Amino acid sequence: MTQITKLHGTKLEIADILRQHIQDYKESYSLWPEQKKIVTNLTDCRTAHLGGYVERCNHCETERVFYHSCRNRHCPKCQQIPREKWLKARKAELLPVAYFHVIFTLPHELNPIVLSNKRVMLNILFKSVSETLIRFGDNQLGGKLGFISTLHTWDQVLKSHFHLHCLVAGGILSSDRKQWIPCKNDYLFNEEALSLVFRGKFIDKVNRARKGDKLRIADDKYRQLKSKLYSKNWVVSVRDPIYQAQHVLEYIARYTHRVAIANSRLIELTDGMVTFSYKDRKNNTTETTTISAANFIHRFFLHILPQRFVRIRHYGFLANRNRKANLSRIRLLLKLPPQPDLGNASIEEMMLELTGVDITRCPYCEKGQMIVVAEIPKGSGKHPNHLIRPPNYRLRPTG
């Protein structure tokens, strides 16, 4: 008998696949503690298990329910607010200069080693890329570059594809801090030259990690792998410069605070098979693929990062320690006003800016304000119907 677990008109979510098929996954794979935590977080997200609150309109007395989010960085439903907060801070730091999007990609021959040594190998990736760009900035432009690097670990069909997206400001702060020297003729650095230095630095750091017993790879296996790595062209792509500040922010938004797959790409879950969409980069088309739910969960788990691993990092004159002083100096050299203080916006203010909707206003009568009138205890699993309600109780769930 065909089982259709999500009917037409409803939205399929990763949480649905985890709820219904995590046991299928466990028949073929081990479930590690961090994976188990993520399953719990994503399946409990915005449900009564995490608790919540009930709001009531102070005009028409209509009520609605909100459940708390899990805030796990691997949850596709919990990234919008962190992303907007991060983007707002970056907006204040933008300079009126060209920005370059540079992508550094690891050869797929490294995938097995990265997957079994994520923290060490991904830190080596960040370090190799940052040292490469800083070296080119110093040698070819004569000063310190500023750039943001964001890690992605996936391709469009959720297989391993380790790469860094770097947003590089098109100029440097001179070593004596007396000049801002811009890139010339819409040109940053030569891709082939970047690739050679990146490859050399990465392999050298892997060698050092092995000697320091941070990586355990058999000598014969590593010699064969290293020979392959030196024979390959490592892919580095330098995109055309972006000039308008809004376009820069849009570019940043595409690559930060993302998870391996958005719920919007999920199409169907039927008889234990998941259908989802993906972009065919070669043909510039949108296609679909269908795989088992257990395989889908396996691929999703490939992209879980180590605990407290930082996937967005700032370097050069944008490094966290001296960023404020460096940007103030650059703005002075460019004869710009001081960096604007955009303050800390509330969630209500951010949602109003993003959607044009005042979430504190009653969506039913559009006159009153929504006021919190009851808390739903975390872990109770209680639906608001179980709470003591006033006589005029009229509950309307969100969505």
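Suppose we keep only residues that are under 26 Å from the mean Cα position of the chain (by Cα) and surrounded by fewer than 15 Cβ atoms within 10 Å (Cβ to Cβ) within region 1-18. Which one would you say is modelled with the highest pLDDT? First the steps, then the outcome.
Start the filter on region 1-18 by keeping residues that are under 26 Å from the mean Cα position of the chain (by Cα), which leaves 10-18.
Cutting the leftovers down to surrounded by fewer than 15 Cβ atoms within 10 Å (Cβ to Cβ) gives us 10-11.
On the way: Thr10: 58, Lys11: 88.
Ranking the candidates gives Lys11 first.
Please return the ranges of helices (runs of 4 or more DSSP H) entirely within region 169-287 where 3 or more residues are more than 28 Å from His74 (Cα to Cα) and among the charged types (D, E, K, R).
Values: elements: 191-211, 219-231, 245-255.
So the answer is 191-211, 219-231.
I want to confirm something. Restricting to region 117-147 and keeping residues that are in a helix (DSSP H, G or I) and small (Gly, Ala, Ser), which single residue is surrounded by the most Cβ atoms within 10 Å (Cβ to Cβ)? Steps first, please.
At the first step, the residues of region 117-147 found to be in a helix (DSSP H, G or I) are 118-141.
Next, only the ones that are small (Gly, Ala, Ser) stay: 128, 130, 137.
Numbers: Ser128: 23, Ser130: 21, Gly137: 27.
Here the answer is Gly137.
Could you figure out which of (1) under 29 Å from Phe198 (Cα atoms); (2) out of contact with any Pro (no Cβ under 6 Å at 6 or more places or on another chain) isn't true of Trp32?
Tallying (1) under 29 Å from Phe198 (Cα atoms); (2) out of contact with any Pro (no Cβ under 6 Å at 6 or more places or on another chain), Trp32 fails exactly one: (1).
Matching residues to (1) under 30 Å from Arg265 (Cβ atoms); (2) not assigned by TED's automatic domain parsing to the domain that holds Phe126:
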site: Asn284; (1), (2): yes, yes
site: Glu287; (1), (2): yes, yes
site: Ala294; (1), (2): yes, yes
site: Ile297; (1), (2): yes, yes
site: Phe300; (1), (2): yes, yes
site: Arg311; (1), (2): yes, no
site: Asn320; (1), (2): no, no
site: Asn326; (1), (2): no, no
site: Ile330; (1), (2): no, no
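Would you call Asp240 exposed (fewer than 12 other Cβ atoms within 10 Å of the Cβ), touching a residue at least 40 places away in the same chain (Cβ under 8 Å) and of a type outside the set (Val, Ile, Thr)?
yes
Considering only region 227-260, state which residues are in contact with a helix residue (DSSP H, G or I) (Cβ under 7 Å, 6 or more places away or on another chain) and farther than 23 Å from Glu191 by Cβ.
Across region 227-260, the qualifying residues are Leu249, Ala253, Thr256, His257, Ala260.
Within region 22-54, can you find the residues that are outside any helix (DSSP H, G or I), over 20 Å from His298 (Cα atoms) and touching a residue at least 60 places away in the same chain (Cβ under 8 Å)? Break it down into steps so the answer makes sense when it comes.
Step one: of region 22-54, the residues outside any helix (DSSP H, G or I) are 29-32, 45-47, 51-54.
Among the residues that remain, those that are also over 20 Å from His298 (Cα atoms) are: 45-47, 51-54.
Of everything in region 22-54, those that are outside any helix (DSSP H, G or I), over 20 Å from His298 (Cα atoms) and touching a residue at least 60 places away in the same chain (Cβ under 8 Å) turn out to be Gly51, Gly52, Tyr53, Val54.
Based on what the data block shows, is Phe300 in contact with a strand residue (DSSP E or B) (Cβ under 8 Å, 6 or more places away or on another chain) and crowded, with 19+ Cβ neighbours inside 10 Å? Talk me through it step by step, then tell me what you get.
Values: in contact with a strand residue (DSSP E or B) (Cβ under 8 Å, 6 or more places away or on another chain): no; crowded, with 19+ Cβ neighbours inside 10 Å: yes.
Judged against the criteria, Phe300 is not a match.
When the residues of region 100-113 are filtered to those that are buried (at least 19 other Cβ atoms within 10 Å of the Cβ) and under 20 Å from the mean Cα position of the chain (by Cα), which remaining residue is farthest from Gly316 (Cα to Cα)?
Selected residue: Leu106.
Scan region 282-289 and give yes if some residue there is more than 27 Å from Asn123 (Cβ to Cβ), charged (D, E, K, R), at pLDDT 90 or above and surrounded by 13 or more Cβ atoms within 10 Å (Cβ to Cβ), otherwise no.
Keep residues of region 282-289 that are more than 27 Å from Asn123 (Cβ to Cβ), which gives 282-289.
Those left that are additionally charged (D, E, K, R): 282, 287.
Checking the rest, the ones that are also at pLDDT 90 or above come to 287.
Next cut, surrounded by 13 or more Cβ atoms within 10 Å (Cβ to Cβ) only: none.
No: region 282-289 contains no residue that is more than 27 Å from Asn123 (Cβ to Cβ), charged (D, E, K, R), at pLDDT 90 or above and surrounded by 13 or more Cβ atoms within 10 Å (Cβ to Cβ).
The values are calculated or read from the model by the stated rules, or taken from the named source; none is laboratory data. This is a predicted model, so every value here is computed, not measured. Counting neighbours? That spans all protein chains shown, and the Cβs are built from the backbone with ideal geometry, glycine included.
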